[in-house]
1. For C:PRO46, all conditions in the list (1) over 22 Å from C:THR10 (Cα atoms); (2) surrounded by 20 or more Cβ atoms within 10 Å (Cβ to Cβ) hold save one; what is the number of the exception?
2. Looking only at the range C:56-75, how many residues end up being under 22 Å from A:THR34 (Cα atoms) and facing chain A (nearest Cβ under 7 Å)?
3. Which one of these is hydrophobic (A, V, I, L, M, F, W, C), more than 14 Å from chain C (Cβ to nearest Cβ), more than 23 Å from C:GLY29 (Cα to Cα) and surrounded by fewer than 19 Cβ atoms within 10 Å (Cβ to Cβ): B:VAL101, B:VAL65, B:VAL53?
4. Yes or no: the range C:16-37 includes at least one residue that is modelled with pLDDT under 90 and small (Gly, Ala, Ser).
5. Pick from the range B:245-280 the residues that are in contact with a Lys or Arg (Cβ under 6 Å, 6 or more places away or on another chain) and more than 14 Å from every other protein chain (Cβ to nearest Cβ): which of them is farthest from B:ASP409 (Cα to Cα)?
6. Output the number of the condition that C:VAL112 fails; it satisfies all remaining conditions of (1) more than 8 Å from every other protein chain (Cβ to nearest Cβ); (2) touching a residue at least 40 places away in the same chain (Cβ under 8 Å); (3) assigned to a loop (DSSP other than H, G, I, E, B).
7. With the requirement that a residue be closer than 14 Å to B:VAL219 by Cβ and more than 28 Å from the chain's Cα centre (by Cα), what does the range B:357-372 give you?
8. Could you tell me whether the range C:279-302 includes any residue that is modelled with pLDDT of 90 or more, more than 14 Å from every other protein chain (Cβ to nearest Cβ) and part of a helix (DSSP H, G or I)?
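The values are calculated or read from the model by the stated rules, or taken from the named source; none is laboratory data. Note that the structure is a prediction, hence the values are computed from the model and not measured. Here the Cβ is made from the backbone with ideal geometry for all residues, glycine too, and neighbour counts use every protein chain on show.
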Amino acid sequence: MVALGAALVVFLFWTGSFLALRWAGDALHPPPETAPSRVPFLGGRGPETHAWSRFHVRYYAMALVFLAFDMEMVFMYPWAVVFLEEGLTAGFEMLMFISILVLGILYGWREGAFRWA
Amino acid sequence: MGLRSWAAGVASGAPTPAFVVAGAGGRWAAEELFLEPRVAPTLSPRAADALIVVGYLTEGLMPAVMLAHDQIPPPRLAFQWLPDGAPDDPLAAMLPGVRVVEGGGLVEVIRDAHAGLLAGRGGGHEDAWPDVDPAPWRGIGPYGQGGKGMTGGVPYGRPLTGRADDRDGLKLDRLDVRVGPLFPAFPPGLELIVGLQGDVAQEVSVGQNPFEGALEDDVFRRALREAVPIAELEMARARSHLRWLAGALRVAGLPSLGRRVLSLAVRAKPADADRVSRLGRPLARGRGLRWLAGGVGALREDLGGPVGRAAGHVSDARSGVDEYRALGFEPVTHEGGDALARWRQRVAEAEQSLRLADAAGDATVGPPDVVEGPRGPLGAGPLLELLPDVLVGMEWGDLVTTVVSLDLDLEEAAVGAGVRA
Amino acid sequence: MRVLAGVLATVAAMGIGVYLAAALDALAGRVVGRGRLAVGETLALPARRGLGLLLRPRARTERPDAEAWALAPAALAGLAAVGLASIPLAPGLSVADVSSGIVLFGAAMALVMVAVFLQGWAPNSVHPMIAGYRFVAQALSYEMPLALVLIGAALPAESLSVGAIVESQAHLWNAIRQPLGMPLFLIAVAGLAFWGPLALPEGEDLVGGTSAEVSGAARLTWKVARLMVLVAGAAMTAAVFLGGWHGPWLPGPAWSILKTLAVLALLVWARHRLARVPIERFVWVSWVVLIPLALLDVFLAGAQALWAAP
């Protein structure tokens, strides 16, 4: 537990110090306020609309396959710890589990989930 | 302040980050700034401390250049680099605080000014465009909400974009962006108006060509009128292809290799054919470029020039010329017409041109009917009109790869359009 | 008190690691570009560039997401430091060598996706936004090889702690025992730090992507945070595949550092020699080739561990 607490302190320290660096930079060199200097860079004229929009995330099918594999990964973590004790049976059980998920990849591949343009 | 000037002294040892704009007649000089170790051309004006305009500004470029100038965080520097003894550029005065440098000595002026900028003296704060909100705040609350109208105020004033149909049935937002004349990945001057849904371009059209077509007299144009040595013609062709290759490598994520090819392009000699083949063959055949450009942007028609020859069409204006046939010239072709084939085509043609220049000696070629320039027969140029059809439906990265692989030159296209012969 | 020492240790490790990575990158650029190789000048270049950035103001856009834009580089740095903290330098010499070290590392590296996406989303500008979404696709694709290969390395160690994994390599490195593991992990680390051929959110075709609208101290913090992720990934590679602190003559920590530097040099070389991979190609290759290979690696590692176990 102490170690995890140390990890948290490390995270907070670095996040805090980078935020402090940014704040100090703003104090020493204030960012420009004029309208032309704030136009997003497109290479020519400015944009006509906000960039924020309902972006068409074409890889959503791949993200669903990823969710399935993520859950499988969670199961593999404790399996890795007890594998050597349990021996070959544990290996076969995980192999069965994985092969069902690999069928998911094959289906995604056939349906073109991994390409989108 | 002692600390500030010490820090500025240390920091001014690094290359000056600058946003380089290639004006009319300045494309190749702007490219050569990549070789200068004391100047670091950046991808975006935000990363830069200075704006460097190489060549002359045109009316079409001015709005974009002024905006790029303002997007450099102030205090900023602005320079214009003109050839020695050239007349002044009347449009340059619209950039506040611009320093015009003629001929050599540009880098020294930049370094001095940059050292001063970092130490806190010098550098302008004035914008080129007036400080007017393009989309005034119309609401009441801190996010622009509230106020009159059906939905109250509008956040910041710029509208949110609307939905449009898409190929897979999902009706989601479409962003119409003008990726302008100063987009560093594109050839200078190319403006594309792209309707983006996600990262796929659903609609592409080409914007107005900002150049007006006053091209300097290079060896290809001279060859139309008088006899020129074959060696000079082929060396110019090889240099053009190698410079294109350097730029294409930069966009492909290999800036150091691009720098190496660029220094080879600048000091190329006919004896360098072997070096080009040693450098170019692994590049063109290696796995790395195959995943970037393989199967992307296929153009199979006979469009002339390296683009047509990369699709397998044997059409080269030089094959009809006796002096070339005497040197054993045969057009090089590749299969497929995709971006990778175009890469390989130009590398192979650069090597072929160097070998021809080596073998030609003092031979000259009289003015033929059609001169084969590095982009195809002079005067032709249908590539710009074809862009919308080719680029529709492409993912953004592939779109940029295709545009780069076509080796467009907007100044030549402006001349070809009949603005000035 | 120990925690404070641990925090200072991450500062020292990251400070040296990031600077050396940046210096190696500058050096490699000069070598590959056949520029003038003034070694002393090149090694001082990152410091000069960093100071030059600190002396410049931060850019603003019209309607950014200010909190997200401030938080993104800071969170990226924090996550990278947590990742590094889970790796011990020598037996007993670690900040957070928890019993589930690779889970901690995996969790920190998974949140990198959020930090980079926020950096792309926050400025409300088209190119960084596309870069952010692209990185999400990239992250979802390298995530599985990253985690699976670490699980494979945990099998012979019978433990998820990084220290135990290093201990299990006392007589044979995992790079030799599980040959599929290290190449896959290196690809995943390149994707994680969006480095070299997988620098998709920073690509030139998006004019710098996530870096297109940042300037000044914000730009410096973003670059440093990205290098911190690279250093954390390289340190993990050295610990899990190259035997960590095991080695003759030199003390343990020296070996850890040398192996990390070797991995960093390899990654820096890859950046200057390999072109950027388009996102669709990477997603396809990752799901159809890399993930099956990673699964194969897990089972081969399991078979090898069972066969070698007494």
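1. It is condition (1) that C:PRO46 fails.
2. Within the range C:56-75, residues that are under 22 Å from A:THR34 (Cα atoms) and facing chain A (nearest Cβ under 7 Å) number 9.
3. Values: B:VAL65 fails: surrounded by fewer than 19 Cβ atoms within 10 Å (Cβ to Cβ); B:VAL53 fails: surrounded by fewer than 19 Cβ atoms within 10 Å (Cβ to Cβ).
From the options B:VAL101, B:VAL65, B:VAL53, the qualifying one is B:VAL101.
4. Yes, the conditions are met somewhere in the range C:16-37.
5. Per the criteria, the residue is B:ALA273.
6. Against the list (1) more than 8 Å from every other protein chain (Cβ to nearest Cβ); (2) touching a residue at least 40 places away in the same chain (Cβ under 8 Å); (3) assigned to a loop (DSSP other than H, G, I, E, B), C:VAL112 comes up short only on (3).
7. At the first step, the residues of the range B:357-372 found to be closer than 14 Å to B:VAL219 by Cβ are B:357, B:360, B:364-365, B:367-368, B:371-372.
Matches in the range B:357-372: B:ALA360, B:THR364, B:VAL365, B:PRO367, B:PRO368.
8. No.
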